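So the structure is just underneath, and the comments pick up after that.
The values are calculated or read from the model by the stated rules, or taken from the named source; none is laboratory data. It should be emphasised that the depicted structure is a prediction, and the values quoted were computed from it without experimental measurement. Neighbour counts run over all protein chains shown; Cβ positions are idealised from the backbone, glycine included. The accessibility values were calculated without ligands, DNA or RNA, using every heavy atom of the protein model including side chains. Shrake-Rupley method; radii C 1.70, N 1.55, O 1.52, S 1.80 Å.
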Amino acid sequence: MNLANHTALVTGASRGLGRSFARLLASLGADLVLTARSKQRLERLSKELRTTYSVEVDYLVLDLGKRGASAKLIQHLEGQNRTIDILINNAASATFSQFLDIPNEQLIKEINLNVIAPTELTWNIARSMKERDRGYVLNVASVSGFFPTPGYSTYAASKAYIRCFTEALAYELHATRVRVMCLSPGVMTTEFWTNAGQHQMPYILKMGASPPERVAWAGLTALFCGRYKLVPGLPNKLAVFLIRFLPSRFLAWICARALKIGQAP
């Protein structure tokens, strides 16, 4: 797909899946607005994309986990007179811990980043898309959003929200030319585990890990083909299919054992 004359906004663009989205969109000719917390990584990626693909790249150093940060991003876009044609809500964080042991400030920040920010950005940007009757929104959920996951209770719940929210919005806009899709990847070879505080990926999960480049390609392909949801990878599809036959209590026990946090009581 030729995305010349399109502008894409990618959150959490400095590493992992977000960086893969940015590179792929630039390779298709899209101009970019990137946001993340790391100025150094954003500068390096922006320079790479401008040089390699001759596209315009604007970036904003921003922590979307802080309340009101998404409003600052919208103000930045309006100040630059930027019209967003493709929105990739990718930024998220996780904390590997028992829920009651997570500091309240960290908990609120995770919810802001995973739930509030993508909701606010979608509300602001998709309204403009609807007025123009064109645009694309891809919200990144997770296979964990299908599971009650001890050790990642807040993260999994936030991804369940993103999944339900996105699929409902896709239905509401199905009569327009605004395409909305939920991408629910499984384990990827990114810095997710280290950033979450789990410094070693469980072996059983490592076996099925996918490179973020492959997940980004699958996600954008599905988005531009008009699909409203995608669980990439056969093992992930199989897992999501099988859970409908299992009680949630048993699923929580399985997740606890897979993550090596002890057997659920």
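Within segment 145-155, can one find any residue that is small (Gly, Ala, Ser) and more than 17 Å from Phe192 (Cα to Cα)?
no
Can you spot a residue in segment 89-101 that is polar (S, T, N, Q) and farther than 28 Å from Thr154 by Cβ?
Checked segment 89-101: no residue is polar (S, T, N, Q) and farther than 28 Å from Thr154 by Cβ.
Any residue in segment 126-140 that is in a helix (DSSP H, G or I), in contact with a helix residue (DSSP H, G or I) (Cβ under 9 Å, 6 or more places away or on another chain) and at pLDDT 95 or above? Let's see the steps before the verdict.
Of all residues in segment 126-140, those in a helix (DSSP H, G or I) come to 126-132.
Adding the requirement that they be in contact with a helix residue (DSSP H, G or I) (Cβ under 9 Å, 6 or more places away or on another chain) leaves 126.
Next, only the ones that are at pLDDT 95 or above stay: 126.
Yes, there is a match, as at least one residue in segment 126-140 is in a helix (DSSP H, G or I), in contact with a helix residue (DSSP H, G or I) (Cβ under 9 Å, 6 or more places away or on another chain) and at pLDDT 95 or above.
In segment 114-156, what residues are of a type in the set (Gly, Ala, Ser) and in contact with an Asp or Glu (Cβ under 6 Å, 6 or more places away or on another chain)?
Selection gives Gly135 alone.
Name the residue, out of Thr149, Thr154, that is touching a Leu at 6+ places or on another chain (Cβ under 9 Å), more than 26 Å from His76 (Cβ to Cβ), assigned to a helix (DSSP H, G or I) and open to solvent by 10 Å² or more (accessible area, probe 1.4 Å).
Details: Thr149 fails: assigned to a helix (DSSP H, G or I).
It is Thr154.
If you check every pair at least six apart or on different chains, which have Cβ atoms under 7 Å apart with a residue in segment 215-244 that is within 19 Å of Thr190 (Cα to Cα) first and a residue that is of a type in the set (Val, Ile, Thr) and open to solvent by less than 80 Å² (accessible area, probe 1.4 Å) second?
What qualifies is Val231/Val143; Val231/Val240; Pro232/Val215; Asn236/Val143.
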